[in-house]
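To start, the structure itself, in structure tokens.
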Amino acid sequence: MLQEQAPGTGLILGKAGDLLNWSRKNSIWWMAFGLACCAIESLMCLNTARFDMDRHGGLLRNTPRLSDLMLVAGTLTHKMADITEHLYEQMPEPRYVMAIGGCAINGGPFYYDSYTVVRGVDKIIPVDVYVPGCPPRPEAVMFGIEQLKEKIIARGMIE
Ligand code: SF4
């Protein structure tokens, strides 16, 4: 990170890639993609005063073209699969996906054996963070955001 101070100056030295990643992890613009009850129980809480994604630099956007992170919450049906992929393709790189709840992770506790249900969002698009639960508590989603931040720093965006 930005840890070196140039001797005898007020300058702090660091790599441009580290600076970029630092700013990325602290300004994650997110798109809510709610498909079922997890969207109400977990996702909507993020914008409330109690959890307040804004203080983590997160900003809710309603378009994939301005979003870094897609939060998929709920049951993904085959009918929605193409739309999900299409939304993902519209997001600029680097883009991230979080699967929230059992349904988004593997089809869920109730509908996993239905012919209409995709058994996990990662069958359609790559997922970076999984937040298990039915539904997960909002605190778990916030923890997932912190895990994503670590992943952003570890991944290195400029090769
Ligand atoms: S994991 Fe549970 S709460 Fe979440 S969408 Fe599925 S059934 Fe609903």
Ser27 paired with Arg55, simple spin-label distance in nm, labels 7 Å along Cα-to-beta-carbon: 2.1 nm
Values of log10 I(q)/I(0), in the order q = 0.11 Å⁻¹, for segment 73-159 under a Debye, Cα-only, solvent-free model: -0.32
Rounded percent of accessible protein surface that carbon and sulfur make up, the chain, 1.4 Å probe: 57 percent
Overall Cα dimensions of the chain, principal axis frame, Å, largest first: 67, 34, 23
Cβ-Cβ FRET estimate between Lys79 and Ile40, R0 fixed at 30 Å, reported to 0.05: 0.90
Extended-chain gain in nm, criterion 0.36 nm per residue less alpha-carbon gap, Ile153 and Phe110: 11.9 nm
Residue-normalised accessible area of segment 1-132, given per residue in Å² at a 1.4 Å probe: 55 Å²
Scattering profile of segment 22-74 at q = 0.14 Å⁻¹ [log10 I(q)/I(0), Debye over alpha-carbon scatterers]: -0.34
Total formal charge among the other residues, if their Cβ is under 14 angstrom from that of Arg65, Lys/Arg +1 and Asp/Glu -1: -1
Built amide H within the under 5 Å cut-off of Tyr96, gap 5+: Leu69, Met70
Mean residue ellipticity (222 nm) of the chain, computed from DSSP H runs ≥ 4 via -39,500 (n - 2.57), nearest 500: -9000 deg cm²/dmol
With Cα atoms, 0 to 90° folded angle of helix 138-155 axis to the chain main axis: 50 degrees
Three-way shape call for segment 40-124 based on the alpha-carbon gyration tensor, with the a/c threshold at 1.5: oblate
Mean separation of Cα contacts under 8 Å (6+ apart) over length of the chain, as relative contact order %: 24 percent
GNM top mover of Gly74, Gly17, Gly101 - the chain, alpha-carbon springs below 10 Å: Gly17
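The values are calculated or read from the model by the stated rules, or taken from the named source; none is laboratory data. Here the structure is a predicted model, which is why all the values come from computation and not from measurement. Glycine gets a Cβ as well: all are built from the backbone with ideal geometry, and neighbour counts include every protein chain shown. Each accessible area value is taken on the protein alone, full model and side chains, heavy atoms only, with ligands, DNA and RNA left out. Shrake-Rupley method; radii C 1.70, N 1.55, O 1.52, S 1.80 Å.
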